[in-house]
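First the structure, in the form of structure tokens, and then the observations on it.
The values are calculated or read from the model by the stated rules, or taken from the named source; none is laboratory data. This is a predicted model, so every value here is computed, not measured. Ideal geometry is used to build each Cβ from the backbone, glycine not excepted, and the neighbour counts take in all protein chains shown.
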Amino acid sequence: MIKGVIFDFDGLIVDTESVWFEALKEVLMEKHHVELELSKYSSCIGTGSDVLFKYLRGVVGEDVDCELLNQLALEKYNEKMKQPSLREGVIEYLEEAKINNLKIGLASCSSREWVARHLKPLNIIEYFDVINTKNDVKKVKPDPEIYIKTLTDCNLKRPEAVAFEDSLNGLLAAKEAGIRCVIVPNDVTRHLSFETHDYKLETMSQEALSEVIKKLI
């Protein structure tokens, strides 16, 4: 029996990832005349900044100032993301989960500050019983630590939870934690080859949460 749902944040609840990709792409072209290739950038999606910085050193050079590029990309991101908006079907999933007394967790590789900055204006932070971010764990996705912690904090056993993810790193983390995982890709992850997922949706508006759960069990 499913007793809880655990959501990723970036790219799943709010499509921050597509906006961030465009911001970073512009910065790399302006500062280093380097084309940011989505197919090669994919390994950076849904994990920590150390992976991104390793990628940047690989495409720009070992002496590149990754912190500076990150800050410049953030400034562009802020210009582009004036008002965050929920992806299709998110609010309906949250409301359905709440009505059915399911535990609702959030497991994000971003900082608590970043997550709160987006959730608060959208007035959905109160839906979540548990919010875990990179501030709460030693290792981020694809390591399963954040999912294992969220299960514990939600008082859920592995078979009782369903994870919703948009990236390969998120999928790997959920499956390694022993949790069934539904993939809901966005514009920068749609091209990825998801293979070990339990179900896939184009958007959460495609099917009701209850219907997805029925198919999983």
Practice task
Considering every residue within the stretch 165-182, establish whether at least one is farther than 15 Å from PHE9 by Cα, assigned to a helix (DSSP H, G or I) and out of contact with any Cys (no Cβ under 7 Å at 6 or more places or on another chain).
Solution key: yes
Practice task
May I ask you to list the residues in the stretch 1-42 that are farther than 29 Å from ASN101 by Cβ, in contact with a Lys or Arg (Cβ under 6 Å, 6 or more places away or on another chain) and in contact (Cβ under 8 Å) with a residue 60 or more places away in the chain?
Solution key: VAL19
Problem - Failed item, numbered, when LEU72 is tested on (1) free of Cβ contacts under 8 Å to residues at least 24 places away in the same chain; (2) out of contact with any Cys (no Cβ under 8 Å at 6 or more places or on another chain); (3) not basic (Lys, Arg) - result: (1)
Completion exercise
If we keep only residues of the stretch 147-203 that are in contact with a Gly (Cβ under 8 Å, 6 or more places away or on another chain) and acidic (Asp, Glu), then the residue farthest from CYS109 (Cα to Cα) is GLU160
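Listed residues GLU95, GLU30, GLU75, GLU67; which is over 19 Å from the mean Cα position of the chain (by Cα), in the same structural domain as LYS175 (by TED's automatic domain parsing) and part of a helix (DSSP H, G or I)? Full working, then the answer.
Numbers: GLU30 fails: in the same structural domain as LYS175 (by TED's automatic domain parsing); GLU75 fails: in the same structural domain as LYS175 (by TED's automatic domain parsing); GLU67 fails: in the same structural domain as LYS175 (by TED's automatic domain parsing).
Only one candidate passes the filter, namely GLU95.
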Completion exercise
Going through the stretch 39-61 in order, the residues found to be part of a helix (DSSP H, G or I), aliphatic (A, V, I, L, M) and either buried (at least 17 other Cβ atoms within 10 Å of the Cβ) or touching a helix residue (DSSP H, G or I) at 6+ places or on another chain (Cβ under 6 Å) (or both) are VAL51, LEU52, LEU56, VAL60
Practice task
Select from the stretch 114-148 the residues that are farther than 23 Å from LEU52 by Cβ and outside any loop (DSSP other than H, G, I, E, B) and list them in ascending order.
Solution key: LYS120, PRO121, LEU122, ILE125, GLU126, TYR127, VAL130, ILE148
Completion exercise
For PHE164, the lone unmet condition from (1) hydrophobic (A, V, I, L, M, F, W, C); (2) at pLDDT 95 or above; (3) under 18 Å from GLU96 (Cα atoms); (4) surrounded by fewer than 21 Cβ atoms within 10 Å (Cβ to Cβ) is (4)
Exercise for the section: Scan the stretch 173-207 for residues that are surrounded by 18 or more Cβ atoms within 10 Å (Cβ to Cβ) and of a type in the set (Lys, Arg) and report the count. Expected result: 2
Exercise for the section: Enumerate the pairs (first residue in the stretch 75-100 and among the small types (Gly, Ala, Ser); second residue anywhere and in a helix (DSSP H, G or I)) with beta-carbon separation below 8 Å, excluding pairs fewer than 6 apart on the same chain, so at least 6 apart or on different chains. Expected result: SER85/LEU122; ALA97/TYR127; ALA97/LEU209
Practice task
Report the residue count in the stretch 143-161 for those that are of a type outside the set (S, T, N, Q), within 16 Å of the chain's Cα centre (by Cα) and crowded, with 21+ Cβ neighbours inside 10 Å.
Solution key: 2
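Picking from GLY178, GLY170, which residue would you name as being assigned by TED's automatic domain parsing to the domain that holds LYS98 and more than 29 Å from GLN83 (Cβ to Cβ)? Walk me through it before giving the result.
Numbers: GLY170 fails: more than 29 Å from GLN83 (Cβ to Cβ).
It is GLY178.
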